[in-house]
Amino acid sequence: MNASLSVDEQARLAAVLRPGEQCLWQGKGGAAPAAQSAGLLARLLGKKRQAAGAATLYAITARRVLALPPQGEPQEWFLMLGLIQRVEEQPDGNGSIIFDFAEQNGEKVSRGIISVPQVAQVKNLLADAIDAAYNASPWSV
């Protein structure tokens, strides 16, 4: 289920990991760098966005989700209950796990783990990681 990463991709990922932090899952996106537009224009430009998104790296650790677009700053989301807002799965198993929405260039964009293979398995792994993080928290009841 983990994507094999090139040496350069491994170095990009290692640069944002904290000391002792290990990946539970890592993968590559294929739709957009860290956001996927919900609009018609995005569907029309899908091929161009898909090529740009192929370099987006995603990682799930025991405490956070990382998105490393080919350009710009890495994004992170800390594991917490309610993080997963929606899962979009295509018939071929590819899909996206949506965490939140933002306005970008006048468009509403979804942010999260965008256009990855075997999205249901990634979602299950992420849900298990969220449960483990919550149960390890001193605030869990």
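What's the FRET efficiency of residue 85 with residue 3 using the Cβ-Cβ distance as r and R₀ = 35 Å, to the nearest 0.05?
Values: r = 23 Å, r/R0 = 0.67.
Computed FRET efficiency for residue 85 and residue 3 comes out at 0.90.
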Ranked highest first by average number of other Cβ atoms within 10 Å, how do 56-68, 89-101 line up?
-> 56-68, 89-101
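Every read-out reported here was derived from the displayed coordinates using simple, explicitly stated rules and does not represent laboratory data. Source: prediction; values computed, not measured. Ideal geometry is used to build each Cβ from the backbone, glycine not excepted, and the neighbour counts take in all protein chains shown.
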